[in-house]
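Q: One structure is given below, represented as structure tokens, and several questions about it will come after.
The values are calculated or read from the model by the stated rules, or taken from the named source; none is laboratory data. Everything numeric in this text was worked out from a predicted model, so none of it was measured. Note that we place each Cβ from the backbone using ideal geometry, even for glycine, and neighbour counts take in every protein chain shown. Just so you know, the surface numbers come from the protein's heavy atoms only, side chains and all, with ligands and any DNA or RNA stripped out. Shrake-Rupley method; radii C 1.70, N 1.55, O 1.52, S 1.80 Å.
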Amino acid sequence: MDIQLDKQYQPHEVEKRWIEYWDQHRLAHADETRDGETYSMAIPPPNITGSLHMGHAFNNTLQDIMARWQRMRGINTLWQPGTDHAGIATQNVVERQLKTEGLNRQDIGREQFIERVWKWKKESGGNINHQLVQLGCSLDWERDRFTMDEGLSRAVREVFVSLYDEGLIYKGDYIINWCPRCHTALSDLEVEHQEKPGHLYHIKYPLKDGSGALIVATTRPETLLGDTAVAINPEDPRHKGQGGKKVILPLLKRELPVIEDSYVDTEFGTGALKVTPAHDPNDFEIGRRHNLESINVMDIDARMNDKAGPYKGQDRFEARKAIIEDLKAQDLLVHIEDHVHKVGHCYRCKTVVEPYLSKQWFVKTKPLAKPAIEAVRSEQIKIVPKFWENTYFEWMENIRDWCISRQIWWGHQIPAWTCGKCNEFTVARETPSACQHCGGTDLVQETDVLDTWFSSALWPFSTLGWPDQTESLKKFYPTSVLCTGFDILFFWVARMIMMGLKFMDDIPFHHVYIHALIRDAEGQKMSKTKGNVIDPLVMMDKYGTDALRFTLAAFAAQGRDIKLDEDRIDGYRNFCNKLWNASRFSFMNLEDYKGTCELEASEHRSLADRWILSRLNRTASDVHQALEAFRFNDAATTLYKFIWNEFCDWYIELSKSRLNSDNAQEKHATQNVLVHVLEATLKLLHPFMPFITEEIWQKLPKEGISIMTAPFPEYDPGKEDSEAETHLQWVMEIINAARNIRGEMNLKPSLKIPLRVKTEDSKKELIAKNSAHYIKELARLEGLEVGPAVIKPKVSASSILSGAEVIVPLEGLMDFGEEKKRIEKELKKIEKEIIFLSKKLSNPNFVDKAPPDVIEKDRQKHLDLSEKQTKLQVHLNTIEQALA
């Protein structure tokens, strides 16, 4: 068996080659005609405007691990790809293009603008998919979908019309979140709230009867121009008897009623609330209850309109300043206090959002939310980690109607037509020729488009062909898992559950795995403005894709944000190199091997052979259990420890003498175990590191066209060998003790040392004697004594183990005088560092102001130095005893 591996692993050439190979052999393709168990996932569709960021890399690495694992288990696996049309984001990109040409969308008209967007999509919209391929994502690219493709557009119209016909979609006046820059409504979830320093303005509203004034506190005095009442709490003793009176609206002099409503918070401000139904969602609800007029005082650019009197034409913030000055002049401003409050911003352009009264389309969500709540409460759908369920319930139980109309051009145009004759709506799946109410033919379609999340809510079933009852839909719906970030739990996850239950009469997925956020090494959120963004494409180019993927998996602890450090990616590149070098060693020792990777029956296995096979079996079990429970970090850590510590550092070292043995049967038995364990290890690691594992696996004497479809190692209770594990564990403890003494006593690695193991335990004595060749080779010994009669010389170093003492006689192994000087010098240096850190950690200024991770780092350093000091002191005592 003549196998060659390059001296060094070259990820870029390897990755390109296997991406092409997997695609040519259609290895990620799911088969809807195949019988048996299925496993399916729908990718959270990235925006077509997007480029791969670390959040994408993390989320899709975890999904790919699951897909590759299930595929290797022999399960018919579909990982559904696709992209989202991203209404506002995509329109903004193309509008910026037009701006460079001196144009805007109104200049070219709707039809031509939409053509420009499709052209842009064709040229640039596929970047994110190419980057996912680079990441190694084994999506079924033959099934790639787009939320604006013909099939998904048909599904959107079907859902809209069905909900409208059931009275679950309506158009009405409503307070919406309005972006004056993007000129569109935003759902509550598309508004980002930030704490900002502001002011609370206390304003006099004089009572009409002249008996005084009500003092009203507001953060937005410009909206008082649209006030239609002042509200007080009927339980508030400060305002007893004032309900039903009239006040005079400052500046505009309109009469306003004083109404009583229990919504008014008696603890906030003065307990008197200005009610502006057209410019505040809570005021809008109060206005509905009390039949108040809604006066909109702004236009779509957030400039004051003709209802704003003398302030017409002013920007809202200019008007605020002018109003404050006028209130002061009329002695109606009592005082201004500093006030920190949350201000809503558009999630796209960051403009301050304006609550705005307008006609919009809405979905009645409460009837849809009820079964969606029950699906999670009854554990038909399990959310992992479980603590996210409470957040889900809280939001769903207080859900508001969903504003689904957007005042942009790119997206699914609402399938509703207004009749010029009777002014009624006709809502239809196809463009109607006549009004369904009066038969009129003067029909004009709604110009608004649907919220991007409307089409995304149908993703698990629309991508599989719904509303047609396709074979793929029957085979792969409901999906198995949805893997996503917590930031779209309500944007997307909750809405998919509602729509899946409504239109498929079934849940869209069985599990929702919610992963944490990726932050920088200091725990800060990554952002371009902070300059702390780690680009996954740069990391893949620098360290190889497998190193990045394994880093992300190793950090994926449930419920804990990830502090990503480039040094860790570099560390896992070293892991790739360790595996590569172990494989090169294995291949060099298999030149005369005539077998395969299948484990042969043999009576010639060594203790090390038996041990590694048992450890492999347990590792397969641990990895399987971790992946079943979405504990990606535990699976990755288990594999890392097995490969680096047990396979490379122990088994390969323990096997070297046998691989060079003249005993053909023993040599063949160890070669067979070596190649079997290497292949099984590659298969266990493949979902995490697909490229390097495929490259090595292809050179092994195995069956199959790719490791992607090779059977994943399964745990077998019959392969447990507790005796081998216990025996070799004891041998390793002796070797480690000898190595530690060598290090602590500063004995050269090349120096062969004598070793004595004093034990009264006859079983341990026998194991050590039977494994003496392992201990001598790996601990570099010139001699080994084991038993109860072993004598411990006065000048020696020792280590206490369970049931034994490991002893190294030191006479003749070192210059005690020189060693004493070295230790004393080292102790002085450590003492200085400990004093410096002790002062630092006891300084209140440092402890109160330094970041927690910096303090923790210094505390750990102090602890490590103290431990080192103790060990050196013991070593010094031994040397002084020798000199005495």
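One line per residue, one yes/no per condition, for (1) in contact with a Pro (Cβ under 7 Å, 6 or more places away or on another chain); (2) buried (at least 22 other Cβ atoms within 10 Å of the Cβ); (3) free of Cβ contacts under 8 Å to residues at least 60 places away in the same chain; (4) within 22 Å of residue 136 (Cα to Cα):
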residue	(1), (2), (3), (4)
552	no, yes, no, yes
555	no, no, no, yes
561	no, no, yes, no
572	no, yes, yes, yes
578	no, no, no, yes
588	no, no, yes, no
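Q: Look through the stretch 540-574, keep the residues that are hydrophobic (A, V, I, L, M, F, W, C) and in contact with a strand residue (DSSP E or B) (Cβ under 7 Å, 6 or more places away or on another chain), and return whichever of them is modelled with the lowest pLDDT.
A: Pass one, the stretch 540-574, residues hydrophobic (A, V, I, L, M, F, W, C): 540, 547-548, 550, 552-557, 562, 564, 569.
Within this subset, residues satisfying the condition of being in contact with a strand residue (DSSP E or B) (Cβ under 7 Å, 6 or more places away or on another chain) are 555-556, 562, 564.
Numbers: 555: 93, 556: 92, 562: 86, 564: 91.
Among them, the one singled out is 562.
Q: Out of (1) modelled with pLDDT of 90 or more; (2) crowded, with 16+ Cβ neighbours inside 10 Å; (3) of a type in the set (Asp, Glu); (4) under 30 Å from residue 362 (Cα atoms), what's the single condition that is false for residue 236?
A: Checking residue 236 against (1) modelled with pLDDT of 90 or more; (2) crowded, with 16+ Cβ neighbours inside 10 Å; (3) of a type in the set (Asp, Glu); (4) under 30 Å from residue 362 (Cα atoms), the one that fails is (4).
Q: I would also like to ask the following. Does residue 264 satisfy the condition of being open to solvent by less than 30 Å² (accessible area, probe 1.4 Å), among the hydrophobic types (A, V, I, L, M, F, W, C) and either in contact with an Asp or Glu (Cβ under 6 Å, 6 or more places away or on another chain) or part of a strand (DSSP E or B) (or both)?
A: Numbers: open to solvent by less than 30 Å² (accessible area, probe 1.4 Å): yes; among the hydrophobic types (A, V, I, L, M, F, W, C): yes; either in contact with an Asp or Glu (Cβ under 6 Å, 6 or more places away or on another chain) or part of a strand (DSSP E or B) (or both): no.
Taking the combined requirement at face value, the residue does not satisfy it.
Q: Another question about this same structure. How many of the residues making up the stretch 788-821 are in a loop (DSSP other than H, G, I, E, B), more than 12 Å from residue 741 (Cα to Cα) and of a type outside the set (Val, Ile, Thr)? Give the derivation first.
A: Going through the stretch 788-821, the residues in a loop (DSSP other than H, G, I, E, B) turn out to be 788-795, 802-803, 810-815.
If we keep only those that are more than 12 Å from residue 741 (Cα to Cα) as well, we get 788-795, 802-803, 811-815.
Restricting the remaining residues to those that are of a type outside the set (Val, Ile, Thr) gives 788-789, 792-794, 802-803, 811-815.
The number of residues fulfilling the criteria is 12.
Q: Among the residues of the stretch 155-174, how many are crowded, with 17+ Cβ neighbours inside 10 Å and closer than 25 Å to residue 473 by Cα?
A: Matching residues across the stretch 155-174 total 9.
Q: Determine which member of the set 639, 678, 627 is part of a helix (DSSP H, G or I), touching a Ser or Thr at 6+ places or on another chain (Cβ under 6 Å) and of a type in the set (A, V, I, L, M).
A: Working: 639 fails: touching a Ser or Thr at 6+ places or on another chain (Cβ under 6 Å); 627 fails: touching a Ser or Thr at 6+ places or on another chain (Cβ under 6 Å).
After ruling out the rest, the residue left standing is 678.
Q: Quick check on residue 92: is it open to solvent by 10 Å² or more (accessible area, probe 1.4 Å) and in contact with a Cys (Cβ under 7 Å, 6 or more places away or on another chain)? Give the steps one after another, and end with the answer.
A: Values: open to solvent by 10 Å² or more (accessible area, probe 1.4 Å): yes; in contact with a Cys (Cβ under 7 Å, 6 or more places away or on another chain): no.
Judged against the criteria, residue 92 is not a match.
Q: Output the qualifying pairs, or none if there are none: Cβ atoms under 8 angstrom, residues six or more apart or on different chains, first residue in the stretch 118-130 and open to solvent by 70 Å² or more (accessible area, probe 1.4 Å), second residue among the small types (Gly, Ala, Ser) and in a loop (DSSP other than H, G, I, E, B).
A: From residues that are open to solvent by 70 Å² or more (accessible area, probe 1.4 Å), the pairs are 127/50; 127/51.
Q: Hey, another quick one. Could you figure out which of (1) open to solvent by 10 Å² or more (accessible area, probe 1.4 Å); (2) touching a residue at least 60 places away in the same chain (Cβ under 8 Å) isn't true of residue 185?
A: Unmet for residue 185, out of (1) open to solvent by 10 Å² or more (accessible area, probe 1.4 Å); (2) touching a residue at least 60 places away in the same chain (Cβ under 8 Å): (1).
Q: Collect the residues in the stretch 226-248 that are within 28 Å of residue 310 (Cβ to Cβ), outside any strand (DSSP E or B) and touching a strand residue (DSSP E or B) at 6+ places or on another chain (Cβ under 7 Å), keeping them in residue-number order.
A: In the first step, residues of the stretch 226-248 are kept if they are within 28 Å of residue 310 (Cβ to Cβ); the result is 226-231, 245-248.
Now drop any that are not outside any strand (DSSP E or B), which leaves 226-228, 245.
Within the stretch 226-248, 227, 228, 245 meet the criteria.
Q: Could you say which residue among 250, 221 is within 45 Å of the chain's Cα centre (by Cα), surrounded by 18 or more Cβ atoms within 10 Å (Cβ to Cβ) and not β-branched (Val, Ile, Thr)? Reasoning before the result, please.
A: Details: 250 fails: within 45 Å of the chain's Cα centre (by Cα).
None of the others qualify; the one that does is 221.
Q: Of everything in the stretch 288-315, what is within 15 Å of residue 358 (Cα to Cα) and either open to solvent by less than 30 Å² (accessible area, probe 1.4 Å) or not charged (D, E, K, R) (or both)? Give them in sequence order.
A: 294, 295, 296, 297, 298, 300, 302, 305, listed by residue number.
Q: Kindly establish whether residue 661 is modelled with pLDDT of 95 or more and either part of a helix (DSSP H, G or I) or open to solvent by 10 Å² or more (accessible area, probe 1.4 Å) (or both).
A: Details: modelled with pLDDT of 95 or more: no; either part of a helix (DSSP H, G or I) or open to solvent by 10 Å² or more (accessible area, probe 1.4 Å) (or both): yes.
Here the answer is no, as residue 661 does not meet what is asked.
Q: Let me ask something else. Name the helices (runs of 4 or more DSSP H) wholly within the stretch 381-497 that hold at least 2 residues that are open to solvent by 40 Å² or more (accessible area, probe 1.4 Å)?
A: On the way: elements: 388-397, 452-456, 459-462, 471-476.
Fully inside the stretch 381-497 and qualifying: 388-397, 471-476.
Q: For the stretch 338-368, enumerate the residues that are among the charged types (D, E, K, R) and open to solvent by 70 Å² or more (accessible area, probe 1.4 Å).
A: Taking the stretch 338-368 as the starting set, the residues that turn out to be among the charged types (D, E, K, R) are 338, 342, 348, 350, 354, 359, 364, 366.
Matches in the stretch 338-368: 338, 342, 348, 350, 359, 364, 366.
Q: With the structure loaded, tell me whether residue 15 is without any contact (Cβ under 8 Å) to a residue 24 or more places away in the chain and in a helix (DSSP H, G or I) or whether it fails that test. Walk me through how you get there before you give the answer.
A: Numbers: without any contact (Cβ under 8 Å) to a residue 24 or more places away in the chain: no; in a helix (DSSP H, G or I): yes.
In short, no.
Q: Going by what's in this entry, would residue 531 be described as of a type outside the set (D, E, K, R) and more than 29 Å from residue 391 (Cβ to Cβ)? Talk me through it step by step, then tell me what you get.
A: Values: of a type outside the set (D, E, K, R): yes; more than 29 Å from residue 391 (Cβ to Cβ): yes.
For residue 531, the condition - of a type outside the set (D, E, K, R) and more than 29 Å from residue 391 (Cβ to Cβ) - is met.
Q: Let me ask something additional. Against the definition (among the β-branched types (Val, Ile, Thr) and either open to solvent by 50 Å² or more (accessible area, probe 1.4 Å) or outside any helix (DSSP H, G or I) (or both)), how does residue 693 come out, yes or no? Don't jump to the end; show me each part of the working.
A: Values: among the β-branched types (Val, Ile, Thr): yes; either open to solvent by 50 Å² or more (accessible area, probe 1.4 Å) or outside any helix (DSSP H, G or I) (or both): no.
Criteria not met by residue 693.
Q: For residue 350, state whether it is charged (D, E, K, R) and modelled with pLDDT under 95. Walk me through how you get there before you give the answer.
A: Values: charged (D, E, K, R): yes; modelled with pLDDT under 95: yes.
Yes, satisfied.
Q: Going through the stretch 500-516 one residue at a time, which ones are open to solvent by 50 Å² or more (accessible area, probe 1.4 Å) and either closer than 26 Å to residue 548 by Cα or not in a loop (DSSP other than H, G, I, E, B) (or both)? Lay out the reasoning, then the answer.
A: Step one: filter the stretch 500-516 for residues open to solvent by 50 Å² or more (accessible area, probe 1.4 Å), giving 502, 505-506, 510-511.
Selection gives 502, 510, 511.
Q: Can you confirm whether residue 265 is closer than 26 Å to residue 343 by Cα, of a type in the set (Asp, Glu) and touching a residue at least 60 places away in the same chain (Cβ under 8 Å)? Steps first, please.
A: Numbers: closer than 26 Å to residue 343 by Cα: yes; of a type in the set (Asp, Glu): yes; touching a residue at least 60 places away in the same chain (Cβ under 8 Å): no.
For residue 265, the condition - closer than 26 Å to residue 343 by Cα, of a type in the set (Asp, Glu) and touching a residue at least 60 places away in the same chain (Cβ under 8 Å) - is not met.
Q: Out of everything in the stretch 726-766 that is in a helix (DSSP H, G or I), open to solvent by 80 Å² or more (accessible area, probe 1.4 Å) and not hydrophobic (A, V, I, L, M, F, W, C), what residue ends up being modelled with the lowest pLDDT? Let's see the steps before the verdict.
A: Looking only at the stretch 726-766, we keep the residues that are in a helix (DSSP H, G or I), and these are 726-744, 762-766.
Restricting the remaining residues to those that are open to solvent by 80 Å² or more (accessible area, probe 1.4 Å) gives 726, 729, 739-740, 744, 762-763, 766.
Adding the requirement that they be not hydrophobic (A, V, I, L, M, F, W, C) leaves 726, 729, 739-740, 744, 762-763.
Numbers: 726: 96, 729: 97, 739: 95, 740: 92, 744: 85, 762: 95, 763: 96.
For the stretch 726-766, the residue satisfying everything is 744.
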